[in-house]
Amino acid sequence: MNYTKQIQEIAAKLFAEDKIDVFVGYRMNGFDDNQVPVLITGVNEIPKLVFTDKSVFNLVNYLKPDHTRRKRVGLVVKGCDSRSLNLMLTESQVKRENLYVVGIACEGVTDDAGQKMQNCTDCMVPDAVVFDEMLGTPSGSQPAAYKANADVTALAAMPLPERAAYFEEVFANCIRCNACRHSCPLCYCAKCCIDQETSTLYNGANTTSAAFHALMTWSLHLAGRCVDCRNCEKACPSHLPLHLLHKQNESVIYENFQEHLAGVISEDRGAFYKYSLKDPDDFIM
Ligand code: SF4
Ligand code: SF4
Ligand code: SF4
Ligand code: SF4
């Protein structure tokens with residue numbers, strides 16, 4: 001997968017026609033063969049743009065207020081990224097008319113060791129679902145059959161005390177840096193409730209119980225919204241397996257709420273906004 005030339009040509013055309021103020025893409029990080037996001041504001045910077053299977057980050061995160069709001073933006077989205085864009089559009093966080101979206105029919109991205117990332121192996125929606133033009137050959141319009149995450153399935157098979165001990169260790173290694181939250185395109189709240197909470201369980205304390213409460217609150221705010229881009233996991237300096245929280249929520253919601261999968265359908269407000277007589281109610285007292 002290499003669309004470097006095409007993306008450079010598209011960005012050059014958009015600047016030449018004065019259709020954008022900024023183009024959000026990827027550039028080499030300057031140290032090894034990995035890439036980082038780049039915000040290009042003029043044609044002289046276009047040669048920096050690249051796109052290969054190392055273009056791992058979700059660039060939709062740069063549509064949040066402190067980056068590119070009120071600007072006309074061109075950006076590149078893979079299938080998972082485009083689902084988060086769909087949600088940002090549905091949740092009125094960004095205006096479609098301000099965007100020029102280059103969609104990718106994605107073949108998967110690779111980690112630092114050159115292995116295909118786990119979310120790509122399991123990917124149900126590789127083709128961008130929002131785009132002005134598409135690069136690559138789309139695999140088809142219907143999402144693949146739902147596949148439960150192997151790590152979540154393995155954890156579910158563990159006896160409860162063992163599972164609890166595992167998560168105790170995960171939460172104990174969280175340093176409360178909030179990089180996970182800041183790297184998620186769908187965590188755009190100007191004032192996050194986790195930061196507003198003043199109880200001793202939350203307030204910046206670096207304890208296992210504080211991390212537990214913060215991360216569980218965060219993952220529940222992403223329930224039915226997480227698109228499995230793994231931006232959060234890639235940002236985590238402690239390399240915590242955050243996908244376990246999100247994929248568990250995703251599978252419960254998929255099974256119980258009309259096979260809901262976040263951001264696949266435009267203007268679908270998500271599992272918790274829909275009501276059906278078939279919705280499970282066994283948890284209601
Ligand atoms: S999860 Fe799917 S769309 Fe996202 S990078 Fe992997 S293969 Fe591409
Ligand atoms: S929670 Fe993580 S994997 Fe889910 S959408 Fe946000 S950044 Fe992506
Ligand atoms: S954790 Fe919840 S309140 Fe905080 S930024 Fe994310 S969605 Fe907003
Ligand atoms: S990025 Fe990792 S270490 Fe930082 S708050 Fe999130 S889970 Fe904890």
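Here, each number is a calculation from the coordinates, and none is a lab measurement. Keep in mind the model is a prediction, meaning the values are calculated, not measured. We place every Cβ from the backbone using ideal geometry, glycine too, and count neighbours over all the protein chains shown.
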Task: Longest to shortest principal axis, alpha-carbon extents of the range 70-158, angstrom - done: 48, 29, 28
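Under a point-charge model restricted to the Cβ atoms of Lys and Arg (+1) and Asp and Glu (-1), what is the dipole moment magnitude of the range 90-198 relative to its Cα centre, in debye to the nearest 20? Please report the intermediate quantities before stating the final value.
Working: 8 positive and 15 negative charges, 43 e Å.
For this selection, approximately 200 debye.
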Task: Rounded D (µm²/s) - the range 48-109, Kirkwood Rh over Cα pairs, Stokes-Einstein at 25 °C, 0.890 mPa s - done: 202 µm²/s
- [ ] Taking the dipole about the Cα centre of the chain, with the C-beta of Lys and Arg at +1 and of Asp and Glu at -1, give me whichever of L222, V38, A105 is farthest to the positive side.
- [x] V38
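Report the charge-dipole magnitude of the chain in Debye, nearest 20, computed about the Cα centre from +1 at each Lys and Arg Cβ and -1 at each Asp and Glu Cβ.
Numbers: 28 positive and 35 negative charges, 147 e Å.
Dipole of the chain, to the nearest 20 debye: 700 debye.
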Open item on the list: List the lysines whose Cα sits under 29 Å from the Cα of K71, skipping any in the same chain fewer than 8 residues away.
Closed with: K5, K13, K19, K48, K54, K95, K191, K234
Open item on the list: Could you tell me the ratio Rg/Rh of the chain? Both radii from Cα atoms, Rh via Kirkwood.
Closed with: 0.97
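Taking only Cα atoms of the range 130-193, what ratio of Rg to Rh do you get with Rh as the Kirkwood inverse-distance radius? Can you show the working numbers first?
On the way: Rg = 18.7 Å, Rh = 16.5 Å.
That ratio equals 1.13.
Working from the pairwise distances between different alpha carbons, so that the mean of 1/r is found and then inverted, what is the range 223-285's Kirkwood radius in Å? Show your work: numbers first, answer last.
Details: mean 1/r = 0.0766 Å⁻¹.
After inverting the pairwise mean of 1/r, the radius is 13.1 Å.
Using only Cα atoms, what is the ratio of the radius of gyration of the range 1-133 to 2.2 N^0.38 Å?
Working: Rg = 14.1 Å, N = 133, 2.2 N^0.38 = 14.1 Å.
The value comes to 1.00.
Over all directions, how big on average is the projection of the convex hull of the alpha-carbon atoms in the range 84-222, in square nanometres? All intermediate terms of the calculation are to be shown ahead of the outcome.
Values: hull surface 45.0 nm².
Average of the hull's projected areas for the range 84-222 equals 11.3 nm².
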Task: Listed residues C193, N256, A16: farthest to the positive end of the dipole of the chain (Cβ charges) - done: A16
- [ ] Would you please give the residues with an amide H less than 5 Å from that of L99, counting only those at least 5 places away or on a separate chain, with H modeled from the backbone geometry?
- [x] V73
Task: Dipole axis of the chain (+1 Lys, Arg; -1 Asp, Glu on Cβ), positive-most option in A157, A271, G74 - done: G74
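About its Cα centre, how strong a charge dipole does the range 150-273 have in debye, to the nearest 20, once Lys and Arg get +1 and Asp and Glu get -1 at the Cβ?
Numbers: 9 positive and 13 negative charges, 72 e Å.
For this selection, approximately 340 debye.
For Y166 and D33, calculate 0.36 nm times their separation in residues minus their Cα-Cα distance, and state this gained length in nm to one decimal. Mind dumping the intermediate values first?
Working: separation 133, 0.36 × 133 = 47.88 nm, distance 3.34 nm.
Full extension of this stretch gives 44.5 nm more.
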Task: Viscosity 1.567 mPa s, temperature 4 °C, Stokes-Einstein D of the range 83-132 from Kirkwood C-alpha radius, µm²/s - done: 104 µm²/s
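Mind pulling the per residue volume of the convex hull built on the Cα atoms of the range 164-278? Å³ is fine.
121 Å³
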